[in-house]
Amino acid sequence: MPSSCDPRYAPAGDVSAALLVIDSRLKAVYDGQVMDADEQRRLDGQFIRSLGPTGAQDLLDGACTLIFMFMKWLRSACEQHDQDVIEYVVPNLVTTMRMMPRSIRPETVPTMAGLVVAAGTGLSPSLWRRQYGEWTPEEMNSLEATAFLLAELINRVTGDRAFATRMIADALTAADGEEAGESG
């Protein structure tokens, strides 16, 4: 019997918008651009408001889809080296988050661990989280940090600063091509 958190039941959300957010953060970090936290929050709020009434939920679901796809790639890479993806990823992210106390608060870690473990075991992070109620504003930092750090980890593993973004963009392009072939 399939789990209620099976990814086939999960909304994909706005993966393109979530990827845009993560890619812009990656580029800023790689280019050494540091933005004031208040200014970043203001710009984030402005961006989210521009998405419309359902846009914020679509962005959340899109970020969860990114986490799922990143963990799927990492699981495959770990299996090639006889490693457990959870054992490899969770301590790595926890260590990284603890080194960033100004931008990532300690209460971010349990939500990150839950999202990563859900995705690493083949469950939808979005549906896993939904069973505990609505997202809280405090969890937004955790969601974004998790997606960002997974993308950065993939980029580090591959030695390519654009690999994670390109991988998702290629998957979206392929999915669009399949949809066009089905309807055309």
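The values are calculated or read from the model by the stated rules, or taken from the named source; none is laboratory data. Remember, predicted model here, so these are calculated numbers, not experimental data. Glycine also receives a Cβ, built like all others from the backbone with ideal geometry; neighbour counts cover every protein chain displayed. Heads up: the accessible areas ignore ligands, DNA and RNA and are worked out on the full protein's heavy atoms, side chains in. Shrake-Rupley method; radii C 1.70, N 1.55, O 1.52, S 1.80 Å.
Across segment 8-19, computed HN-Hα scalar couplings (Karplus, 6.51 cos²θ - 1.76 cosθ + 1.60, θ = phi - 60°) run 5, 9, 8, x, 6, x, 8, 5, 4, 5, 5, 5 Hz from first to last residue, x flagging Gly and Pro.
Rounded to a whole number of µm²/s, how large is the Stokes-Einstein D of segment 3-109 at 37 °C and 0.692 mPa s, given Rh as the Kirkwood radius over C-alpha pairs? Spell out each step's value before the answer.
On the way: Rh = 16.0 Å.
Answer from the Stokes-Einstein relation: 205 µm²/s.
Here Cα extents along the principal axes in Å was computed from the coordinates, and among (i) 46, 43, 35; (ii) 43, 37, 35; (iii) 74, 33, 29 the match is (i).
Relative contact order for the chain: 29 percent, from Cα pairs under 8 Å spaced at least 6 residues apart, divided by residue count.
Quickly estimate the mean residue ellipticity at 222 nm for the chain, helices only: each DSSP H run with n ≥ 4 gives -39500 (n - 2.57), and the total goes over all residues, rounded to 500.
Values: 8 runs with 129 residues, N = 184.
Mean residue ellipticity at 222 nm (helix-derived): -23500 deg cm²/dmol.
With all protein chains kept in place, the per residue accessible area of segment 1-109 amounts to 63 square angstrom at a probe of 1.4 angstrom.
Rounded to the nearest 0.05, what FRET efficiency do Glu138 and Gln33 have when you use their Cβ-Cβ distance and R0 = 22 Å? Numbers along the way, then the final one.
Numbers: r = 26 Å, r/R0 = 1.16.
Plugging the Cβ-Cβ distance into 1/(1 + (r/R0)^6) gives 0.30.
Element breakdown for the chain at a 1.4 angstrom probe: carbon and sulfur atoms account for 55% of the accessible area.
For segment 101-160 and segment 1-32, write down the distance between their C-alpha centroids in whole Å. After rounding, the separation between the Cα centres reads 10 Å.
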